[in-house]
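Below: the structure, in structure tokens.
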Amino acid sequence: MTIPVECESRVTLPFDAEALIRQVIEAGLTAENCPYECEIDVLLTDNEAIREINREARGIDAPTDVLSFPAVEYPAPGDFSDLENDLTLFHPESGELMLGDMVISLEKVLSQAEEYGHSIRRELAFLTAHSLYHLLGYDHMEEEERLLMEARQNALLETLGITRD
């Protein structure tokens, strides 16, 4: 499993953010029965940088909490059955499935933890889980999809013992 975490923010968290991110990703992939070793690149940044990325990638000139850039198109969310037929999805040297990139604003982690009345740790874990499920093909554009994605995220965080404080 390759999960490089790059931090381009001056915000520091009162715990090991990299370890938490890796824990959530690894547990999520296990929960989804992912049959592959995977690669996910994670960028921790600030509101201004994520605003710029959001503007360039989505045409939305505003900061957001998390952005997900999936590298895989699934026949259905979390359906890994046909992926091995497309060798371009796998890193040529490591053989790992390249799931994509996640970008998280640490400023939003802090402000949303306060706004929603739970811990900073819980907010970072939630945003990591949310992004991971986007990288696995889940979405929340339709009500049924939203409910499924939320159920998966909540179950993952509960499994890890990361609940609203």
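So for the stretch 60-73 (the condition being free of Cβ contacts under 8 Å to residues at least 12 places away in the same chain, acidic (D, E), under 30 Å from T12 (Cα atoms) and out of contact with any His (no Cβ under 7 Å at 6 or more places or on another chain)), does at least one residue qualify? Give the derivation first.
Going residue by residue through the stretch 60-73, those that are free of Cβ contacts under 8 Å to residues at least 12 places away in the same chain are 60-62.
Within this subset, residues satisfying the condition of being acidic (D, E) are 61.
With under 30 Å from T12 (Cα atoms) added as a condition, the list becomes 61.
Applying the additional criterion that residues be out of contact with any His (no Cβ under 7 Å at 6 or more places or on another chain) yields 61.
The answer is yes, given that some residue of the stretch 60-73 is free of Cβ contacts under 8 Å to residues at least 12 places away in the same chain, acidic (D, E), under 30 Å from T12 (Cα atoms) and out of contact with any His (no Cβ under 7 Å at 6 or more places or on another chain).
Show the residue pairs meeting these rules: Cβ distance below 7 Å; 6+ apart or different chains; first residue within the stretch 145-165 and within 15 Å of S131 (Cα to Cα); second residue of a type in the set (S, T, Y) and assigned to a helix (DSSP H, G or I). Qualifying pairs under 7 Å: M149/Y133; R152/Y133; Q153/Y133.
Within the stretch 35-92, count every residue that is of a type in the set (S, T, N, Q) and over 23 Å from Q112 (Cβ atoms). Spell out the reasoning first.
Step one: of the stretch 35-92, the residues of a type in the set (S, T, N, Q) are 45, 47, 54, 64, 68, 81, 85, 88.
The next check asks that each one be over 23 Å from Q112 (Cβ atoms); those that pass are 81, 85, 88.
So the count comes out to 3.
With E26, E32 as the choices, which residue is within 18 Å of I162 (Cβ to Cβ), touching a residue at least 24 places away in the same chain (Cβ under 8 Å) and touching a Gly at 6+ places or on another chain (Cβ under 7 Å)? Reasoning before the result, please.
Working: E26 fails: touching a Gly at 6+ places or on another chain (Cβ under 7 Å).
Among E26, E32, only E32 is within 18 Å of I162 (Cβ to Cβ), touching a residue at least 24 places away in the same chain (Cβ under 8 Å) and touching a Gly at 6+ places or on another chain (Cβ under 7 Å).
Pairs are defined by a Cβ separation below 9 Å, a sequence spacing of at least 6 or placement on different chains, a first member in the stretch 1-19 that is closer than 21 Å to E93 by Cα and touching a residue at least 24 places away in the same chain (Cβ under 8 Å), and a second member that is in a helix (DSSP H, G or I) and of a type in the set (A, V, I, L, M, F, W, C); the pairs so defined are M1/I25; M1/L29; I3/I21; I3/I25; V5/A17; V5/I21.
Okay, residues lined up against (1) surrounded by fewer than 12 Cβ atoms within 10 Å (Cβ to Cβ); (2) touching a strand residue (DSSP E or B) at 6+ places or on another chain (Cβ under 9 Å); (3) closer than 26 Å to E144 by Cα:
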position	(1), (2), (3)
T2	no, yes, no
R22	no, yes, no
A27	no, no, yes
Y36	no, yes, no
P63	no, yes, no
L83	no, yes, yes
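Filtered by the rule that a residue be among the hydrophobic types (A, V, I, L, M, F, W, C), out of contact with any Cys (no Cβ under 7 Å at 6 or more places or on another chain) and over 30 Å from P63 (Cβ atoms), the stretch 75-115 gives A76, L83, L87, L89, F90.
Regarding the stretch 91-114, can at least one residue be identified that is acidic (D, E), touching a strand residue (DSSP E or B) at 6+ places or on another chain (Cβ under 9 Å) and under 23 Å from R152 (Cα atoms)?
Step one: of the stretch 91-114, the residues acidic (D, E) are 93, 96, 101, 107, 114.
Narrowing the set further to residues that are touching a strand residue (DSSP E or B) at 6+ places or on another chain (Cβ under 9 Å) leaves 96, 101, 107.
After this cut, where a residue has to be under 23 Å from R152 (Cα atoms) as well, the list is 101.
Taking every residue of the stretch 91-114 in turn, at least one turns out to be acidic (D, E), touching a strand residue (DSSP E or B) at 6+ places or on another chain (Cβ under 9 Å) and under 23 Å from R152 (Cα atoms).
If you go through the stretch 60-116 and keep only what is among the basic types (K, R) and within 17 Å of P35 (Cβ to Cβ), you end up with nothing.
Just need a number here: residues in the stretch 122-144 that are without any contact (Cβ under 8 Å) to a residue 60 or more places away in the chain and either within 16 Å of A19 (Cα to Cα) or surrounded by 13 or more Cβ atoms within 10 Å (Cβ to Cβ) (or both). Give the steps one after another, and end with the answer.
Initially, the stretch 122-144 is screened for residues without any contact (Cβ under 8 Å) to a residue 60 or more places away in the chain, giving 122-123, 126, 140-144.
Checking the rest, the ones that are also either within 16 Å of A19 (Cα to Cα) or surrounded by 13 or more Cβ atoms within 10 Å (Cβ to Cβ) (or both) come to 122-123, 126, 140.
Total satisfying the criteria: 4.
Please determine whether any residue of the stretch 127-137 is assigned to a loop (DSSP other than H, G, I, E, B) and within 23 Å of Y36 (Cβ to Cβ). So far as the stretch 127-137 goes, yes, one or more of its residues are assigned to a loop (DSSP other than H, G, I, E, B) and within 23 Å of Y36 (Cβ to Cβ).
Read-outs throughout are calculated quantities, based only on the coordinates presented, and are distinct from any laboratory measurement. Just so it is clear, the model here is predicted, and its values are computed rather than measured. Glycine gets a Cβ as well: all are built from the backbone with ideal geometry, and neighbour counts include every protein chain shown.
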